[in-house]
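The values are calculated or read from the model by the stated rules, or taken from the named source; none is laboratory data. Not measured: the values here are computed from a predicted model. Methodologically, a virtual Cβ is constructed for each residue, glycine included, from the backbone with ideal geometry; neighbour enumeration extends over all protein chains shown.
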Amino acid sequence: MTKEEIESFKISIAETILPHVKNMNDKRIKEIISHVEKSNPGLPEGFGNMLFEQLVIMKNSSKYLHYFNN
C-alpha cells in the first residue's frame, strides 16, 4: 500500500469503526473482530490482528480524539 492508501485506510477506520469501539475493552473488540473474520473467510490472513492493533493505537492517540465526539 502507498502512504496515501494507508492514511485513507486509517481515516476510514477512524470514521466508521472507532466511534463504536471507543468505550469497549480489548477483549470485546477481539471478540467482534473474530466473529467478523469467521463470517468473512475471504479476508486476508492477519487482517484481524492488524485491525485490532490499529484500533488500540487510535483509541490511545490524541490525533484521533475528535472522532470520539461524533
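Tell me whether region 3-20 contains one or more residues that are over 25 Å from Leu65 (Cβ atoms), assigned to a helix (DSSP H, G or I) and either touching a Phe, Trp or Tyr at 6+ places or on another chain (Cβ under 8 Å) or touching a residue at least 60 places away in the same chain (Cβ under 8 Å) (or both). No, region 3-20 contains no residue that is over 25 Å from Leu65 (Cβ atoms), assigned to a helix (DSSP H, G or I) and either touching a Phe, Trp or Tyr at 6+ places or on another chain (Cβ under 8 Å) or touching a residue at least 60 places away in the same chain (Cβ under 8 Å) (or both).
Residues that are free of Cβ contacts under 8 Å to residues at least 12 places away in the same chain and either touching a strand residue (DSSP E or B) at 6+ places or on another chain (Cβ under 9 Å) or not in a helix (DSSP H, G or I) (or both) within region 21-42 comprise Asn23, Met24, Asn25, Asn40, Pro41, Gly42, listed in sequence order. Among the candidates Lys30, Lys63, the residue that is surrounded by 12 or more Cβ atoms within 10 Å (Cβ to Cβ) and either modelled with pLDDT of 95 or more or more than 10 Å from the chain's Cα centre (by Cα) (or both) is uniquely Lys30. So which residues in region 21-52 are of a type in the set (S, T, N, Q) and more than 17 Å from Tyr64 (Cα to Cα), if there are any at all? Those that are of a type in the set (S, T, N, Q) and more than 17 Å from Tyr64 (Cα to Cα): Asn25, Ser34, Ser39, Asn40, Asn49.
Within region 51-60, the set of residues being exposed (fewer than 12 other Cβ atoms within 10 Å of the Cβ) and in a helix (DSSP H, G or I) comprises Glu53 only. Taking the conditions (1) closer than 19 Å to Ile6 by Cβ; (2) out of contact with any Leu (no Cβ under 6 Å at 6 or more places or on another chain); (3) in contact (Cβ under 8 Å) with a residue 40 or more places away in the chain in turn, Met58 satisfies each one other than (2). Residues that are among the polar types (S, T, N, Q) and at pLDDT below 95 were ranked within region 41-60; the one that is nearest to Ala14 (Cα to Cα) is Gln54.
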